[in-house]
Structure formats: C-alpha cells, structure tokens
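Read through the structure below, which is laid out as structure tokens, and then see the notes.
The values are calculated or read from the model by the stated rules, or taken from the named source; none is laboratory data. What you are looking at is a predicted structure, and each value in this text was computed from that prediction instead of being measured. Neighbour counts are summed over all protein chains in view; Cβ atoms, including those assigned to glycine, are modelled from backbone coordinates with ideal geometry.
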C-alpha cells in the first residue's frame, strides 16, 4: 500500500451542482492498493438443514445458488434477504439463516450448508398508533392489511405502509417508524406505529401572473382529511384577466365503512383565449389590413355544471370509477376566421357558429375509468408507477346536444436514484376524440397542446394543425368609389382529434422539499386523423362546393420538442410549487408560407426558447 500527497484540489459539491466563484481547497491523498486475485471458486453442493415451513428445493430456488456457477457473496446476501421476506410472510420474524462454507481446494469449489433457524410463528396481538392527533384510528386501520389475531405477514405490512403514504395525510411513513415487539414467551407480537401528521388544512391567498391565467387573485381552502375522517373538501375562488374559477368539491372515501367513495363538485369557470399573445411570428403588417390579426381573439368560454363521481377498489392498488358530468357552456368572441371556417363544417349543431355572438352547448357526460397505482405519495412522488384509462361518453341516451366519445390513457413512472436523493419521473399520455355521427365535434372540444402542463417551451394551445381559409375583405376603389370584395388568405388553428405527449424529468431537491431543480424534456403533438370531419361545404347560388381539409405543411405531422430546466419553489400558502421554466425548442415550426390565393407571404415562427413562470406541477 502506497500513500502519496496530492496538490490542493476543490472537492465536489453536493448533488454535483457547481457554484460560480466557489473555491475551497483541502488536502487529499491518493491510496494505491495492490490486489492479489487468487483463484476463482464455483458453487459446489448446496444443502439446507433445519427448515420445516418450506422444503429444501423451494429454499434453494429462492437463494438462486446453482452448482457450477461462480460463487458470489452479494448474490448470497440477496438470496438471504429474499428468504427473510418469504419467512416474514408466514410470521417468522426471528428467522435466521446461518451459512457454513466448505472449500474444496483441489476442485476450487465452495460447498454450502444453509442452517435455517425458523424460531416461532407469530400472530398479531395488538396494533396501536401514536402521533395521529387529528386522524381517527379507524382511518388508519382501514389501510392496514394486517389484522389483529392473524398470523403476521411482513409483506402485507410493507404494503400497508405504502397505502398510508398514498393517503398524503402524514409525513413519509418508513419501516423504522413501526416498532414490532415479539413476546419473549408467547407466539404473539405487538406493533406500535409512530406517525407524524402533515398540515391537513391549506388556506391560501394567492395572486400573480402566469402564462395561462394572466394576472389573477384568488382565495382557496383545501383539506384531504376533513375532521380527521379522511374526507376531502375544497373551495376555490379565483378571478383573473384571462381565467377565473369558482368551485366547491367534496369526497367521502368510505361509505358506511366500505371502500366505496362518493363525491361531487359544482363549478363555474371562464376562460379568455387571446391568440394574439400566443401566435409568435405571425406578422399582421405582412397581410392586408382589416383581418383583425392585431386583436385576434380566438374565443371566450364559460362553463357551469356539476360532477358526481364514485369509485371502488376491486383489488389492491386497482380502482374502478364512474363520473357523471352535467355541463353547460357558452362560447363567445370567436374570431372571424374560426367562425367562418367552422360555420361551413358539418357540425353536430349546425347553428353553433352561425349568427349571433355566442353559442350554448349542453353536454351530458359519462366517464368510466380504471386506475392502477403504486405511487408512494400523491404530492411528492419518488417511487412507483401508475396507469389511468378513461372512456368519456357524451350525448346519446344521456341527452344534451353534443355526441362524441373520447378514450384516453396516462402512464406515470417514478424511480429514486442517487441513493434516493433524486427522482427520475416519466409520463406518457394520449387521447382520441370521435363523433358518433362522423360530424365534427365542437371546435373547443378539439385538442390543443402547448404550455406549462404538457409541452413547456411552447405557448398555450399553439401546437395544433393549422388550416387556411380564403376570406373576402371589402375594398373601396378610390377612383370609382365602388366597393369590391377582395379575397385574401387567413389561417385557423383547427385543433386535433388525436394527441400524444411524453414528459421526462430529473428532480433534484436543493433545500429539503422546498426548492428543487428539474431538468426536463417534453415532446408530443396533436394531429387530425379524421380529415373528413373537417370538410367544408360552401353554398353559392346553384352550387354546393365541398372543400377537403388542408393544412399548412408540417403542422399536421411530426413531433414538437422542448427541453430545459425548471426551478420549483413550494410556497407555504400553496399546495403546488411555484415554477420558473427556461426552455429550448429544438423541434418547432419556423418557416414562411405563401398564401394560396393572394400569394402574400406570412410566417409561423414558434419560439426557439422561452421563459415562463406559473403555479402547479406538469405531472
């Protein structure tokens, strides 16, 4: 062994994040070790003694020790851990394996004898809880899969801790928080589970500016453990320049002490989508005056309604749900190009965009769902995965004046890395919408992505197929004073009937759970697959002309991509983090087009990079 002093160097920082101008130097030593490998040994005979609960072949299979393979101490320890879990599932909490090794130097073999000390099989005498000041014992006990009077099962106990963490009522519950106390004389044990409750009530007064809601001011109250009974209650009162929301929701997770949830919500929302803010690169000065591009308002919409929902877990971590949504909406302020385009589309409600300044839709929706989730925390997940599938059915026997179906699915995956300090998070989601009658669904139900909650580097609702429309503009001849209709080209963000989104994040906590740094990559798009639903019929004297859907090149194909870094700060008054995003967009549309009728050029220039801030997680 050789020691040698090295020059002064700068040690690495926590999490591998460099700080500018930070120079602290320490002494380091380089240690050189001379390794003598000696001979390689393989597994010879494997024997098991003392086992009564399981036969010798089953134990050998769990240990994974196959004669003739290279002997591996790490694999042997892993096998003992698996064997301990197996015996723990049968109540043998004092199980001890004792290996004995016999070396055959001539054949270079390790002959193993595993002596099993099973001890006693324990049953559960008493389970007690401490630290739950507000939460009732029965709320905790219904998540515990181990019952008093039954044989203790270590595997079910670990799943019980996961179920408690999924509630979100407590600080992370770890295995060391449970004191398992076997009786020294009897074959029984007691369990004392120590809990630490999180703040169950969140009362927030918030305001600011976000990329979606504009400037806003709001008051909210939310609890996921109302009166300590596990019920959730939420009230939201928020007004803004572009988005307002007023809602009351309540959910009872257990009806008559059975795992059937029942909930309701009533709401009123309004949203003003200002396309002039979102269409970067569209230069009104390059087009004829009078198009309204300088004040291009896509639509204003209000929703008023209520939702009734119920769910039931047929198996552990599986849940079937059903929701009924009664929704009335009013749409106004539709820009002339969108209004003229969809007025010629064979829609479900032919009067929806013809005449007047607004339209009213009555939607009656039924949405069955299936969810599987092993995610360990609903607010700060660090491990597990989940899958959710829904099938929204609107109209038909439910009534209303809208008819379509919309299947959708979402997969999430969380993996702890760097010894559990950081988290790798993945989300993949997709959906499709289709009318029952092959008529177009209302344009506001079509799919638009882009923004803080799907593909961060792009502006809200700007990732969509873009079609064009030839319109006419009254022009007065200065010489003859006659007014003529002059054609010109305009564009319409028509929305897709199919969408797919993929998100990847690497979450790095900097200051506890308060401040995190999150490098991310988002990709996805929306597409029109059912082009026949966007055919337009132009009626003129003695002629009905059918125009197929046409899109600007590149807007109905390919993927968009955004990558960058996000800073998350969890504020005391909010349940979700305040986020600051800086994104680059390597896959975007950045090109000029020529109007097919007028030949006048215009451009769609999605941003190469973007800087945004908002409240809430992407997923």
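The table below gives the values:
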read-out	value
From the options 519, 478, residue that is part of a loop (DSSP other than H, G, I, E, B) and farther than 28 Å from residue 335 by Cα	478
Elements of type strands (runs of 3 or more DSSP E) in the stretch 188-304, at least 1 residues being at pLDDT 80 or above	188-194, 214-226, 231-240, 243-252, 261-274
Selection within the stretch 29-55 - assigned to a loop (DSSP other than H, G, I, E, B) and in contact with a strand residue (DSSP E or B) (Cβ under 6 Å, 6 or more places away or on another chain)	41, 50, 51
The stretch 378-429: number of residues that are part of a loop (DSSP other than H, G, I, E, B) and surrounded by 15 or more Cβ atoms within 10 Å (Cβ to Cβ)	9
Condition met for residue 126 (within 19 Å of residue 181 (Cβ to Cβ) and modelled with pLDDT of 90 or more)	yes
Where a residue in the stretch 455-466 is within 18 Å of residue 556 (Cβ to Cβ) and its partner, wherever it lies, is modelled with pLDDT under 90 and outside any loop (DSSP other than H, G, I, E, B), with Cβ under 6 Å and at least six apart	462/278; 464/493; 466/491; 466/493
Failed condition for residue 166, given (1) farther than 29 Å from residue 56 by Cα; (2) in contact (Cβ under 8 Å) with a residue 24 or more places away in the chain; (3) in a strand (DSSP E or B)	(3)
Failed item, numbered, when residue 514 is tested on (1) touching a residue at least 12 places away in the same chain (Cβ under 8 Å); (2) more than 24 Å from residue 611 (Cα to Cα); (3) surrounded by fewer than 21 Cβ atoms within 10 Å (Cβ to Cβ)	(2)
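Matching residues to (1) within 20 Å of residue 445 (Cβ to Cβ); (2) modelled with pLDDT of 90 or more; (3) surrounded by fewer than 16 Cβ atoms within 10 Å (Cβ to Cβ):
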{"site": "318", "(1), (2), (3)": "no, yes, yes"}
{"site": "326", "(1), (2), (3)": "yes, yes, no"}
{"site": "339", "(1), (2), (3)": "yes, no, no"}
{"site": "343", "(1), (2), (3)": "yes, no, no"}
